[in-house]
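Structure record follows, encoded as structure tokens.
The values are calculated or read from the model by the stated rules, or taken from the named source; none is laboratory data. All of these numbers come straight from a predicted model, not from anything done at the bench. Methodologically, a virtual Cβ is constructed for each residue, glycine included, from the backbone with ideal geometry; neighbour enumeration extends over all protein chains shown. These accessible areas exclude ligands, DNA and RNA; they are computed on the full protein's heavy atoms, side chains included. Shrake-Rupley method; radii C 1.70, N 1.55, O 1.52, S 1.80 Å.
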Amino acid sequence: MIQQRKPIGLGTFSLLVIALGFAFNYAWGPEDFRFSYYLFHQMNWPIYSNGNDGLHLPFVATAFFWVPAVVIARKYDYHYGTRVAFNVARFMLIFCILGPLVLVLNWIIHS
């Protein structure tokens, strides 16, 4: 029996989108340069919701990478790497949603 491989196509692009999402918040080099921090400072947005504490906003902003990765991987599920991309992006998207939800519930309970 001949086993056919999945083709490399547009669905494989979802792996690149996931890599860009991780690179968005990764600390690069000896100075720990983070593109997300640089972008937030350029737009005069805070990094955390409560000064130096609270919700880490660049982590939530990476949802702009996870959503397209999930959509692309779901639409082109017959291409190479889409199963891994879908599962990783879905997990990170749930993590991006549940993290802020827990903080909001904590603020409501302790207010």
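Could you list, ordered by first residue, the pairs with Cβ atoms under 9 Å in which the first is in segment 60-83 and free of Cβ contacts under 8 Å to residues at least 40 places away in the same chain and the second is of a type in the set (Asp, Glu) and open to solvent by 40 Å² or more (accessible area, probe 1.4 Å), at least 6 apart or interchain?
Arg83/Asp77
Pairs under 6 Å by beta carbon, first residue modelled with pLDDT under 95 in segment 1-23, partner part of a loop (DSSP other than H, G, I, E, B) and among the polar types (S, T, N, Q), six or more apart or different chains?
Gly21/Thr62
For (1) in a loop (DSSP other than H, G, I, E, B); (2) more than 13 Å from Phe22 (Cβ to Cβ); (3) out of contact with any Leu (no Cβ under 7 Å at 6 or more places or on another chain); (4) not aliphatic (A, V, I, L, M), each residue gets a yes or a no:
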residue: Leu55; (1), (2), (3), (4): no, yes, no, no
residue: Val60; (1), (2), (3), (4): no, yes, yes, no
residue: Trp66; (1), (2), (3), (4): no, no, no, yes
residue: Ala69; (1), (2), (3), (4): no, no, yes, no
residue: Arg74; (1), (2), (3), (4): no, yes, yes, yes
residue: Arg83; (1), (2), (3), (4): no, yes, yes, yes
residue: Pro100; (1), (2), (3), (4): no, yes, no, yes
residue: Leu103; (1), (2), (3), (4): no, yes, no, no
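Restricting to segment 24-46, and then to whatever is surrounded by 14 or more Cβ atoms within 10 Å (Cβ to Cβ) and not aromatic (Phe, Trp, Tyr), can you tell me which residue is farthest from Leu101 (Cα to Cα)?
Keep residues of segment 24-46 that are surrounded by 14 or more Cβ atoms within 10 Å (Cβ to Cβ), which gives 24-25, 34-37, 40.
Applying the additional criterion that residues be not aromatic (Phe, Trp, Tyr) yields 25, 34, 36.
On the way: Asn25: 20, Arg34: 25, Ser36: 21 Å.
The selected residue is Arg34.
Using the structure shown, decide if Phe65 is open to solvent by 90 Å² or more (accessible area, probe 1.4 Å) and within 16 Å of the chain's Cα centre (by Cα).
Numbers: open to solvent by 90 Å² or more (accessible area, probe 1.4 Å): no; within 16 Å of the chain's Cα centre (by Cα): yes.
No, not satisfied.
Here are some residues: Ser49, Ser14. Which one is open to solvent by less than 70 Å² (accessible area, probe 1.4 Å) and part of a helix (DSSP H, G or I)? Spell out how you get there, then give the answer.
Working: Ser49 fails: part of a helix (DSSP H, G or I).
None of the other options fit; the residue is Ser14.
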